[in-house]
(Lines give C-alpha, C1' and ligand atoms only; values in the text may rest on other atoms or scores of the structure.)
Protein backbone atom coordinates (compact mmCIF):
# COMPACT_ATOMS: atom_id res chain seq x y z
CA UNK A 1 0.00 0.00 0.00
CA UNK A 2 1.08 3.63 -0.42
CA UNK A 3 2.64 4.94 2.80
CA UNK A 4 1.79 8.65 3.09
CA UNK A 5 3.30 9.12 6.53
CA UNK A 6 6.19 11.50 7.23
CA UNK A 7 9.20 11.16 9.54
CA UNK A 8 7.27 13.21 12.11
CA UNK A 9 4.58 10.52 12.18
CA UNK A 10 7.22 7.85 12.76
CA UNK A 11 9.49 8.92 15.61
CA UNK A 12 11.08 5.46 15.77
CA UNK A 13 11.77 4.66 12.13
CA UNK A 14 11.11 7.84 10.13
CA UNK A 15 14.80 8.48 9.51
CA UNK A 16 16.00 4.92 8.91
CA UNK A 17 18.17 4.53 5.83
CA UNK A 18 16.67 2.70 2.84
CA UNK A 19 19.85 0.66 2.41
CA UNK A 20 19.62 -0.73 5.94
CA UNK A 21 22.87 0.80 7.16
CA UNK A 22 22.78 2.42 10.61
CA UNK A 23 22.51 6.19 10.93
CA UNK A 24 25.84 7.68 11.88
CA UNK A 25 26.19 10.40 14.47
CA UNK A 26 26.36 13.19 11.87
CA UNK A 27 23.12 12.13 10.18
CA UNK A 28 21.39 11.68 13.51
CA UNK A 29 22.34 15.15 14.74
CA UNK A 30 21.36 16.67 11.37
CA UNK A 31 17.88 15.22 11.88
CA UNK A 32 17.59 16.86 15.30
CA UNK A 33 19.26 14.12 17.28
CA UNK A 34 20.37 14.84 20.86
CA UNK A 35 18.24 17.99 20.83
CA UNK A 36 15.83 16.35 23.29
CA UNK A 37 18.71 15.48 25.62
CA UNK A 38 19.94 19.07 25.47
CA UNK A 39 16.44 20.33 26.26
CA UNK A 40 16.01 17.91 29.16
CA UNK A 41 19.31 18.53 30.96
CA UNK A 42 19.54 22.29 30.37
CA UNK A 43 15.94 23.47 30.80
CA UNK A 44 13.94 20.78 32.63
CA UNK A 45 14.09 19.37 36.13
CA UNK A 46 14.33 15.59 36.30
CA UNK A 47 10.84 15.37 37.83
CA UNK A 48 9.49 17.45 34.94
CA UNK A 49 10.90 14.95 32.43
CA UNK A 50 9.15 12.13 34.31
CA UNK A 51 5.90 14.11 34.37
CA UNK A 52 5.94 14.65 30.59
CA UNK A 53 6.56 10.94 29.94
CA UNK A 54 3.78 10.04 32.38
CA UNK A 55 1.35 12.40 30.65
CA UNK A 56 2.26 10.92 27.25
CA UNK A 57 0.76 7.55 28.29
CA UNK A 58 3.85 5.74 27.07
CA UNK A 59 3.56 2.14 28.23
CA UNK A 60 6.36 -0.41 28.21
CA UNK A 61 6.89 -2.00 24.80
CA UNK A 62 8.66 -5.10 26.11
CA UNK A 63 5.56 -7.14 26.92
CA UNK A 64 4.18 -6.07 30.30
CA UNK A 65 2.77 -2.71 29.16
CA UNK A 66 3.47 -0.95 32.48
CA UNK A 67 3.28 2.89 32.37
CA UNK A 68 6.82 4.15 31.83
CA UNK A 69 6.61 7.44 33.70
CA UNK A 70 5.00 5.72 36.64
CA UNK A 71 7.88 3.22 36.81
CA UNK A 72 10.40 6.07 36.74
CA UNK A 73 8.52 7.73 39.60
CA UNK A 74 8.96 4.63 41.75
CA UNK A 75 12.76 4.96 41.75
CA UNK A 76 13.84 5.77 45.29
CA UNK A 77 14.83 9.40 45.86
CA UNK A 78 16.69 11.38 48.50
CA UNK A 79 20.28 12.20 49.47
CA UNK A 80 21.05 8.57 50.35
CA UNK A 81 20.64 7.61 46.69
CA UNK A 82 22.73 10.31 45.04
CA UNK A 83 24.87 8.65 42.38
CA UNK A 84 23.71 5.21 43.47
CA UNK A 85 21.03 4.44 40.92
CA UNK A 86 21.09 2.54 37.66
CA UNK A 87 19.19 2.48 34.38
CA UNK A 88 19.13 -0.69 32.29
CA UNK A 89 17.95 -1.00 28.67
CA UNK A 90 16.66 -4.50 28.03
CA UNK A 91 17.69 -5.54 24.51
CA UNK A 92 17.58 -9.29 25.18
CA UNK A 93 14.53 -9.82 22.90
CA UNK A 94 14.27 -13.62 22.97
CA UNK A 95 10.47 -13.80 22.81
CA UNK A 96 9.46 -16.11 19.94
CA UNK A 97 8.54 -14.02 16.91
CA UNK A 98 10.18 -10.80 18.16
CA UNK A 99 12.77 -8.79 16.21
CA UNK A 100 11.63 -5.18 16.61
CA UNK A 101 14.42 -4.08 18.98
CA UNK A 102 17.03 -5.43 16.60
CA UNK A 103 15.57 -3.18 13.86
CA UNK A 104 16.01 -0.14 16.09
CA UNK A 105 19.48 -0.94 17.42
CA UNK A 106 20.85 -1.75 13.98
CA UNK A 107 19.08 1.09 12.18
CA UNK A 108 19.22 4.07 14.54
CA UNK A 109 21.53 3.32 17.50
CA UNK A 110 21.85 6.93 18.66
CA UNK A 111 18.08 7.15 19.17
CA UNK A 112 18.38 4.47 21.83
CA UNK A 113 21.40 6.15 23.42
CA UNK A 114 19.60 9.48 23.60
CA UNK A 115 16.54 7.83 25.13
CA UNK A 116 18.72 6.07 27.69
CA UNK A 117 20.52 9.29 28.62
CA UNK A 118 17.23 11.16 29.10
CA UNK A 119 15.80 8.33 31.20
CA UNK A 120 18.97 8.24 33.31
CA UNK A 121 18.62 11.98 33.90
CA UNK A 122 14.97 11.56 34.89
CA UNK A 123 15.65 8.84 37.48
CA UNK A 124 18.97 10.24 38.72
CA UNK A 125 21.25 7.50 37.39
CA UNK A 126 24.86 8.23 36.47
CA UNK A 127 25.44 4.76 35.01
CA UNK A 128 23.30 2.93 32.46
CA UNK A 129 23.70 -0.56 31.03
CA UNK A 130 22.60 -1.80 27.63
CA UNK A 131 21.87 -5.54 27.90
CA UNK A 132 21.95 -7.08 24.41
CA UNK A 133 20.90 -10.56 23.32
CA UNK A 134 23.94 -12.83 22.81
CA UNK A 135 22.92 -13.73 19.25
CA UNK A 136 22.62 -10.06 18.26
CA UNK A 137 26.30 -9.72 17.40
CA UNK A 138 25.69 -7.11 14.71
CA UNK A 139 23.52 -5.07 17.08
CA UNK A 140 26.24 -5.28 19.71
CA UNK A 141 28.92 -4.03 17.31
CA UNK A 142 26.77 -1.16 16.06
CA UNK A 143 25.79 -0.05 19.57
CA UNK A 144 29.39 -0.17 20.85
CA UNK A 145 30.52 1.97 17.93
CA UNK A 146 27.70 4.46 18.55
CA UNK A 147 28.54 4.68 22.27
CA UNK A 148 32.13 5.54 21.39
CA UNK A 149 30.95 8.20 18.90
CA UNK A 150 28.55 9.76 21.40
CA UNK A 151 31.15 9.82 24.17
CA UNK A 152 33.76 11.44 21.92
CA UNK A 153 31.25 14.09 20.85
CA UNK A 154 30.31 14.90 24.45
CA UNK A 155 26.79 13.46 24.42
CA UNK A 156 27.85 10.91 27.05
CA UNK A 157 30.31 11.31 29.90
CA UNK A 158 30.83 14.30 32.21
CA UNK A 159 28.86 17.57 32.36
CA UNK A 160 26.73 16.93 29.31
CA UNK A 161 25.88 20.21 27.52
CA UNK A 162 27.66 22.06 30.31
CA UNK A 163 25.14 20.87 32.90
CA UNK A 164 25.85 19.02 36.12
CA UNK A 165 24.58 15.76 34.62
CA UNK A 166 27.01 12.88 34.06
CA UNK A 167 26.14 9.54 32.49
CA UNK A 168 28.05 6.57 31.15
CA UNK A 169 26.44 3.81 29.06
CA UNK A 170 28.02 0.37 29.30
CA UNK A 171 27.11 -2.38 26.79
CA UNK A 172 26.78 -5.96 28.05
CA UNK A 173 26.28 -9.05 25.90
CA UNK A 174 23.72 -11.52 27.29
CA UNK A 175 24.51 -15.05 28.41
CA UNK A 176 22.12 -16.23 25.70
CA UNK A 177 19.15 -17.59 27.65
CA UNK A 178 15.50 -16.53 27.46
CA UNK A 179 15.31 -16.03 31.22
CA UNK A 180 17.86 -13.20 30.95
CA UNK A 181 15.08 -11.03 29.51
CA UNK A 182 13.16 -11.23 32.81
CA UNK A 183 13.95 -8.03 34.69
CA UNK A 184 15.40 -9.42 37.92
CA UNK A 185 17.17 -12.34 36.23
CA UNK A 186 18.74 -9.78 33.90
CA UNK A 187 20.10 -7.91 36.92
CA UNK A 188 21.58 -11.12 38.34
CA UNK A 189 23.25 -11.76 34.97
CA UNK A 190 24.73 -8.24 34.99
CA UNK A 191 26.15 -8.91 38.46
CA UNK A 192 27.80 -12.10 37.18
CA UNK A 193 25.39 -14.35 39.07
CA UNK A 194 23.18 -17.18 37.86
CA UNK A 195 20.32 -15.60 35.83
CA UNK A 196 17.34 -16.56 37.98
CA UNK A 197 14.39 -14.37 38.99
CA UNK A 198 14.47 -12.66 42.35
CA UNK A 199 11.83 -12.75 45.03
CA UNK A 200 9.59 -9.69 45.14
CA UNK A 201 9.45 -7.54 47.20
CA UNK A 202 11.79 -5.72 47.23
CA UNK A 203 11.15 -4.39 43.75
CA UNK A 204 13.92 -3.28 41.37
CA UNK A 205 13.12 0.41 41.73
CA UNK A 206 14.12 0.24 45.40
CA UNK A 207 16.68 -2.61 45.40
CA UNK A 208 17.84 -3.70 41.96
CA UNK A 209 21.34 -3.86 40.51
CA UNK A 210 23.82 -4.35 43.37
CA UNK A 211 20.87 -3.64 45.70
CA UNK A 212 20.59 -0.06 44.43
CA UNK A 213 17.46 1.54 42.93
CA UNK A 214 17.24 0.42 39.29
CA UNK A 215 14.88 1.12 36.40
CA UNK A 216 14.71 -1.47 33.59
CA UNK A 217 13.07 -0.41 30.31
CA UNK A 218 12.73 -2.11 26.93
CA UNK A 219 14.72 -0.79 23.94
CA UNK A 220 11.64 0.34 21.99
CA UNK A 221 10.24 2.07 25.08
CA UNK A 222 13.40 4.15 25.51
CA UNK A 223 13.50 4.97 21.79
CA UNK A 224 10.12 6.72 22.18
CA UNK A 225 11.42 9.13 24.82
CA UNK A 226 13.38 11.71 22.73
CA UNK A 227 10.39 12.55 20.52
CA UNK A 228 8.13 12.91 23.57
CA UNK A 229 10.51 15.43 25.15
CA UNK A 230 10.88 17.32 21.85
CA UNK A 231 7.20 17.42 20.82
CA UNK A 232 5.27 17.04 24.06
CA UNK A 233 2.91 14.55 25.63
CA UNK A 234 -0.21 15.52 23.69
CA UNK A 235 1.56 15.15 20.36
CA UNK A 236 2.54 11.61 21.32
CA UNK A 237 -1.00 10.75 22.43
CA UNK A 238 -2.41 12.05 19.15
CA UNK A 239 -0.21 9.65 17.16
CA UNK A 240 -2.28 6.70 18.42
CA UNK A 241 -5.68 5.50 17.29
CA UNK A 242 -6.60 4.52 20.82
CA UNK A 243 -6.44 6.05 24.28
CA UNK A 244 -2.92 4.69 24.65
CA UNK A 245 -0.18 6.95 23.37
CA UNK A 246 2.20 6.78 20.45
CA UNK A 247 3.18 4.55 17.60
CA UNK A 248 4.22 0.91 17.83
CA UNK A 249 6.78 -1.11 15.91
CA UNK A 250 4.63 -4.07 14.84
CA UNK A 251 6.10 -7.17 13.23
CA UNK A 252 4.50 -10.07 11.37
CA UNK A 253 5.96 -13.55 10.85
CA UNK A 254 4.46 -16.72 9.42
CA UNK A 255 3.38 -17.72 5.93
CA UNK A 256 2.44 -14.25 4.73
CA UNK A 257 3.71 -12.65 1.51
CA UNK A 258 5.77 -9.90 3.14
CA UNK A 259 6.97 -10.71 6.68
CA UNK A 260 8.48 -7.63 8.25
CA UNK A 261 8.30 -4.71 10.67
CA UNK A 262 6.31 -1.47 10.40
CA UNK A 263 5.90 1.54 12.67
CA UNK A 264 2.19 2.35 12.81
CA UNK A 265 -0.23 4.15 15.13
CA UNK A 266 -0.96 2.20 18.28
CA UNK A 267 -4.39 0.67 17.73
CA UNK A 268 -3.88 -0.35 14.08
CA UNK A 269 -6.00 -3.46 13.50
CA UNK A 270 -4.64 -6.96 13.06
CA UNK A 271 -6.39 -7.23 9.69
CA UNK A 272 -4.78 -4.05 8.38
CA UNK A 273 -1.36 -5.31 9.44
CA UNK A 274 -1.86 -8.68 7.76
CA UNK A 275 -3.54 -7.59 4.56
CA UNK A 276 -2.16 -4.13 3.77
CA UNK A 277 1.35 -4.35 5.17
CA UNK A 278 2.24 -8.06 5.27
CA UNK A 279 0.59 -8.57 1.88
CA UNK A 280 -1.92 -11.21 2.97
CA UNK A 281 -1.45 -14.95 3.09
CA UNK A 282 0.57 -16.90 0.55
CA UNK A 283 -1.34 -18.47 -2.33
CA UNK A 284 -3.60 -21.30 -1.21
CA UNK A 285 -3.42 -20.45 2.49
CA UNK A 286 -5.94 -18.83 4.81
CA UNK A 287 -5.42 -17.35 8.24
CA UNK A 288 -6.89 -19.40 11.10
CA UNK A 289 -5.65 -17.35 14.06
CA UNK A 290 -2.75 -15.21 15.23
CA UNK A 291 -0.67 -14.84 18.35
CA UNK A 292 -0.76 -11.02 18.42
CA UNK A 293 2.01 -10.26 20.89
CA UNK A 294 4.58 -13.02 20.48
CA UNK A 295 4.74 -16.62 21.64
CA UNK A 296 3.43 -16.00 25.15
CA UNK A 297 0.08 -14.47 24.20
CA UNK A 298 -3.29 -16.09 23.51
CA UNK A 299 -4.68 -16.87 20.07
CA UNK A 300 -7.00 -14.39 18.34
CA UNK A 301 -9.27 -16.08 15.81
CA UNK A 302 -9.90 -15.01 12.20
CA UNK A 303 -13.32 -13.60 13.14
CA UNK A 304 -11.62 -11.09 15.48
CA UNK A 305 -8.96 -9.79 13.10
CA UNK A 306 -10.50 -6.32 13.13
CA UNK A 307 -9.42 -5.96 16.76
CA UNK A 308 -7.09 -2.97 17.28
CA UNK A 309 -3.57 -3.86 18.34
CA UNK A 310 -3.56 -2.16 21.72
CA UNK A 311 -3.66 -3.40 25.31
CA UNK A 312 -7.31 -2.71 26.11
CA UNK A 313 -8.77 -4.05 22.85
CA UNK A 314 -6.78 -7.30 22.86
CA UNK A 315 -7.76 -8.02 26.45
CA UNK A 316 -11.39 -7.98 25.32
CA UNK A 317 -10.72 -10.92 22.96
CA UNK A 318 -8.70 -12.89 25.50
CA UNK A 319 -5.15 -11.96 24.53
CA UNK A 320 -2.49 -9.29 25.10
CA UNK A 321 -0.47 -6.79 23.08
CA UNK A 322 2.78 -8.21 24.49
CA UNK A 323 5.62 -7.19 22.21
CA UNK A 324 3.30 -6.50 19.25
CA UNK A 325 4.92 -9.30 17.26
CA UNK A 326 2.23 -11.18 15.33
CA UNK A 327 2.76 -14.88 14.59
CA UNK A 328 0.27 -16.20 12.01
CA UNK A 329 -1.32 -19.66 12.18
CA UNK A 330 -2.58 -20.71 8.74
CA UNK A 331 -5.14 -23.38 7.87
CA UNK A 332 -2.51 -25.89 6.75
CA UNK A 333 -0.47 -25.68 9.97
CA UNK A 334 -1.51 -27.87 12.88
CA UNK A 335 -2.31 -25.83 16.01
CA UNK A 336 -1.27 -28.76 18.21
CA UNK A 337 2.08 -28.94 16.42
CA UNK A 338 2.53 -25.19 16.72
CA UNK A 339 1.85 -25.34 20.45
CA UNK A 340 4.22 -28.28 20.83
CA UNK A 341 6.95 -26.22 19.16
CA UNK A 342 6.31 -23.26 21.45
CA UNK A 343 6.24 -25.32 24.62
CA UNK A 344 9.46 -27.08 23.63
CA UNK A 345 11.09 -23.66 23.55
CA UNK A 346 9.74 -22.59 26.94
CA UNK A 347 10.61 -25.92 28.58
CA UNK A 348 14.15 -25.66 27.22
CA UNK A 349 14.52 -22.08 28.45
CA UNK A 350 13.25 -22.64 32.00
CA UNK A 351 15.96 -21.59 34.45
CA UNK A 352 14.95 -24.43 36.79
CA UNK A 353 14.37 -22.14 39.76
CA UNK A 354 10.78 -23.15 40.59
CA UNK A 355 9.05 -26.52 40.23
CA UNK A 356 5.91 -25.41 38.33
CA UNK A 357 8.21 -24.15 35.57
CA UNK A 358 11.00 -26.70 35.16
CA UNK A 359 8.83 -29.72 35.95
CA UNK A 360 5.49 -28.46 34.66
CA UNK A 361 6.73 -27.22 31.29
CA UNK A 362 8.67 -30.44 30.73
CA UNK A 363 5.48 -32.42 31.34
CA UNK A 364 3.45 -30.15 29.03
CA UNK A 365 6.03 -30.62 26.29
CA UNK A 366 5.90 -34.41 26.64
CA UNK A 367 2.09 -34.49 26.64
CA UNK A 368 1.89 -32.35 23.51
CA UNK A 369 4.52 -34.51 21.83
CA UNK A 370 2.50 -37.63 22.54
CA UNK A 371 -0.73 -36.06 21.26
CA UNK A 372 0.89 -34.67 18.11
CA UNK A 373 2.60 -38.02 17.49
CA UNK A 374 -0.62 -40.01 17.73
CA UNK A 375 0.20 -41.57 21.12
CA UNK A 376 -2.01 -39.34 23.25
CA UNK A 377 -5.19 -40.08 25.21
CA UNK A 378 -8.18 -38.03 26.30
CA UNK A 379 -6.68 -38.06 29.80
CA UNK A 380 -3.62 -36.29 28.38
CA UNK A 381 -5.80 -33.44 27.19
CA UNK A 382 -7.22 -33.19 30.69
CA UNK A 383 -3.69 -33.07 32.13
CA UNK A 384 -2.84 -30.19 29.83
CA UNK A 385 -5.85 -28.26 31.13
CA UNK A 386 -4.78 -29.12 34.68
CA UNK A 387 -1.40 -27.50 34.02
CA UNK A 388 -3.08 -24.40 32.61
CA UNK A 389 -5.16 -24.11 35.79
CA UNK A 390 -2.20 -24.59 38.14
CA UNK A 391 0.68 -22.70 36.50
CA UNK A 392 -0.26 -19.13 37.34
CA UNK A 393 1.77 -16.02 38.29
CA UNK A 394 1.10 -16.45 42.01
CA UNK A 395 2.60 -19.96 41.85
CA UNK A 396 5.90 -19.08 40.16
CA UNK A 397 8.86 -16.73 40.67
CA UNK A 398 8.43 -15.04 37.28
CA UNK A 399 6.10 -14.98 34.28
CA UNK A 400 7.97 -17.47 32.07
CA UNK A 401 5.75 -20.48 32.83
CA UNK A 402 2.47 -18.52 33.17
CA UNK A 403 3.31 -16.86 29.84
CA UNK A 404 3.84 -20.27 28.26
CA UNK A 405 0.36 -21.25 29.44
CA UNK A 406 -1.38 -18.39 27.62
CA UNK A 407 -1.15 -19.86 24.08
CA UNK A 408 -1.89 -23.33 25.48
CA UNK A 409 -4.99 -22.15 27.35
CA UNK A 410 -6.39 -20.40 24.30
CA UNK A 411 -5.34 -23.30 22.04
CA UNK A 412 -7.30 -25.78 24.16
CA UNK A 413 -10.28 -23.42 24.13
CA UNK A 414 -10.30 -22.62 20.41
CA UNK A 415 -8.88 -25.84 18.90
CA UNK A 416 -10.18 -28.51 21.27
CA UNK A 417 -11.55 -30.53 18.35
CA UNK A 418 -8.03 -30.70 16.86
CA UNK A 419 -6.71 -32.21 20.09
CA UNK A 420 -9.54 -34.77 20.14
CA UNK A 421 -8.95 -35.67 16.48
CA UNK A 422 -5.28 -36.38 17.21
CA UNK A 423 -6.29 -38.78 19.98
CA UNK A 424 -9.03 -40.57 18.03
CA UNK A 425 -7.11 -40.89 14.77
CA UNK A 426 -3.75 -41.64 16.47
CA UNK A 427 -2.12 -39.18 14.11
CA UNK A 428 -2.05 -35.52 13.18
CA UNK A 429 -5.12 -35.13 10.89
CA UNK A 430 -3.42 -32.45 8.80
CA UNK A 431 -0.32 -34.58 8.31
CA UNK A 432 -2.45 -37.61 7.45
CA UNK A 433 -4.44 -35.52 4.94
CA UNK A 434 -1.20 -34.42 3.33
CA UNK A 435 -0.19 -38.05 2.86
CA UNK A 436 -3.54 -38.87 1.28
CA UNK A 437 -3.39 -35.87 -1.07
CA UNK A 438 0.24 -36.53 -1.95
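Residues checked against (1) touching a strand residue (DSSP E or B) at 6+ places or on another chain (Cβ under 7 Å); (2) buried (at least 21 other Cβ atoms within 10 Å of the Cβ); (3) assigned by TED's automatic domain parsing to the domain that holds residue 298:
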{"residue": "18", "(1), (2), (3)": "no, no, no"}
{"residue": "30", "(1), (2), (3)": "no, no, no"}
{"residue": "34", "(1), (2), (3)": "no, yes, no"}
{"residue": "47", "(1), (2), (3)": "no, no, no"}
{"residue": "66", "(1), (2), (3)": "yes, no, no"}
{"residue": "110", "(1), (2), (3)": "no, yes, no"}
Condition check for residue 142: part of a helix (DSSP H, G or I), assigned by TED's automatic domain parsing to the domain that holds residue 119, touching a residue at least 12 places away in the same chain (Cβ under 8 Å) and farther than 30 Å from residue 45 by Cα
yes
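Per-residue answers, yes or no, for (1) crowded, with 21+ Cβ neighbours inside 10 Å; (2) in contact with a strand residue (DSSP E or B) (Cβ under 8 Å, 6 or more places away or on another chain); (3) in a loop (DSSP other than H, G, I, E, B); (4) at positive phi:
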| site | (1), (2), (3), (4) |
| --- | --- |
| 238 | no, no, no, no |
| 241 | no, yes, yes, no |
| 248 | yes, yes, no, no |
| 252 | yes, yes, no, no |
| 263 | yes, yes, no, no |
Please find, among 233, 261, 278, 240, the residue that is touching a helix residue (DSSP H, G or I) at 6+ places or on another chain (Cβ under 7 Å) and farther than 20 Å from residue 119 by Cβ.
261
For segment 202-213, which positions are part of a loop (DSSP other than H, G, I, E, B) and more than 19 Å from the chain's Cα centre (by Cα)?
202, 203, 205, 206, 207, 208, 212, 213
Looking at segment 304-312, is at least one residue assigned to a helix (DSSP H, G or I) and crowded, with 17+ Cβ neighbours inside 10 Å?
yes
Looking at (1) assigned to a helix (DSSP H, G or I); (2) under 30 Å from residue 260 (Cβ atoms); (3) at pLDDT below 95, can you tell me which one residue 360 breaks?
(2)
Has segment 281-291 got any residue that is at pLDDT 95 or above, under 18 Å from the mean Cα position of the chain (by Cα) and closer than 15 Å to residue 259 by Cβ?
yes
Where residue 184 falls short, out of the listed (1) touching a helix residue (DSSP H, G or I) at 6+ places or on another chain (Cβ under 8 Å); (2) in contact (Cβ under 8 Å) with a residue 60 or more places away in the chain; (3) over 30 Å from residue 269 (Cα atoms)
(1)
Quick one: how many residues across segment 189-201 are assigned to a loop (DSSP other than H, G, I, E, B) and surrounded by 14 or more Cβ atoms within 10 Å (Cβ to Cβ)?
4
With criteria (1) crowded, with 17+ Cβ neighbours inside 10 Å; (2) at pLDDT below 95, residue 433 comes up short on (1)
The condition from (1) assigned to a strand (DSSP E or B); (2) over 29 Å from residue 201 (Cα atoms) that residue 216 misses is numbered (2)
So which residues in segment 151-188 are more than 26 Å from residue 204 (Cβ to Cβ) and in a helix (DSSP H, G or I)?
151, 152, 161, 162
Report the residue count in segment 123-143 for those that are over 18 Å from the mean Cα position of the chain (by Cα) and within 17 Å of residue 208 (Cα to Cα).
6
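The values are calculated or read from the model by the stated rules, or taken from the named source; none is laboratory data. Just so it is clear, the structure is predicted and the values come from calculations on it, not from any experiment. Neighbour counts run over all protein chains shown; Cβ positions are idealised from the backbone, glycine included.
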